[in-house]
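Read the structure below first, then the notes.
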Amino acid sequence: MHFPLPTFVPGPVATAIALVLLAYHVVSPPLLWRLRTRRDRRRTEPDPTPMASEFRLGTWCLPVEALLVMAFLGTATAVFPADIGWAAPAVADPEPLGHLLAGAGGLAVFVLLVLALARSHLKLLAHVRAGALPSGVRREDLLPSPRDRRELGFMAGCCAVTVLSQVLVVYTVLFPVLAQVFGSALLAALVLGLLGGWQYVGQGGGMIGTMAVLSTAGLLVYALLLPGSLLVPVLLWVSYYAVVTGVAIALARLPIPQNSRPRHPVEVTMLDADGNPVERPGQGALDR
């Protein structure tokens, strides 16, 4: 079995709803980033509950997305369980072999990135426990992380809302429609993978790049390795957010060290046998 599946026929109304969701997915990240930036500028003090604010925003967006997805499924001409990821897990047909290898590569990349993330966070926690910050990390970078149980709960809620939103919009609607339009599941996965990174506009190039790679890898697993089953992609994303949440919980229990003071250069003056300073190369006429 391979995408696009012949059993999926969206029809004109469902296609229009998919286009609305695609436009929403493209336009909303910069709009939300500007909204957050304006809100932060108006504040005289930092937001004491940033995770709660993000969770409230997500819970407003999620019902709208769910209603649009329900309308999409209700107006589609023909939809089968495998079209929207509700089939039992089964490895894709071995032909073409390149597609199967690309799906397996996506699985390997996702797992390796999550393991690398866990390893880097464990090193960070080890430094914080020792009372020092690693090079390149400032105290100000860690202060916005949740520091109490309430904020940690809202952070876990944000992660759950993100996974649910991605399953509803990206996997259930956008992927099957784009796979049918392009006639290629690989091309649809690459386009939606880039769109996954676009969702993190304003959070730095590193975050955008990481999420683009993770989104592409997850979609390759779904499209080319285990088509028609969302079980493994959902488990992959749950593992990623479990690492993020677990590190935040561990970090909240530790005091954040102060920034290390920069080391001042030490200047050494060499003396000759008579106790006079030895002239350095490049010194001389300018210093006299």
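Derivation of every value follows stated rules applied to the coordinates shown; laboratory data play no part. Everything quoted here is computed from the prediction, not taken from an experiment. When we count neighbours, we look across all protein chains shown, and the Cβ atoms used for this are built from the backbone with ideal geometry, even at glycine.
What percentage of all Cα-Cα pairs in the chain are separated by more than 29 Å?
47
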Rounded to the nearest 10 degrees, the helix 11-42 long axis (Cα) sits at an angle to the longest Cα principal axis of the chain of 20
Restricting to Cα pairs under 8 Å and 6 or more apart, the percent relative contact order of the chain works out to 32
Rounded to two decimals, the Debye log10 I(q)/I(0) of the range 1-64 (Cα scatterers, no solvent) at q = 0.27 Å⁻¹ is -1.20
Calc'd 3J(HN,Hα), the range 151-165, phi into Karplus 6.51 cos²θ - 1.76 cosθ + 1.60 (θ = phi - 60°), Hz, glycine/Pro = x, comes to 5, 5, x, 5, 5, 4, x, 4, 5, 5, 5, 5, 5, 5, 4
Computed curve, the range 1-156, Cα-only Debye sum without solvent term, log₁₀ I(q)/I(0) at 0.12, 0.13 Å⁻¹, is -0.93, -1.03
Share of Cα-Cα pairs in the range 23-114 beyond 16 Å, whole percent, is 76
Computed over the range 78-237, the Cα gyration tensor eigenvalues, each multiplied by 5 and square-rooted, give semi-axes in Å (largest first) of 34, 17, 14
For the range 157-233, Rg(Cα) over 2.2 N^0.38 Å is 1.06
On the formula 1/(1 + (r/R0)^6), with r taken between the Cβ atoms of Leu112 and Leu187 and R0 of 22 Å, the FRET efficiency rounded to 0.05 is 0.40
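Please give the peptides 41-48, 128-135, 180-187 ranked by average Cβ packing (other Cβ atoms within 10 Å per residue), highest first, as a rough proxy for protection.
The densest-packed peptide leads the list: 180-187, 128-135, 41-48.
Run the helix sum for the chain: -39,500 (n - 2.57) per DSSP H stretch of 4+ residues, divided by residue count, reported at 222 nm to the nearest 500 deg cm²/dmol.
-20500 deg cm²/dmol
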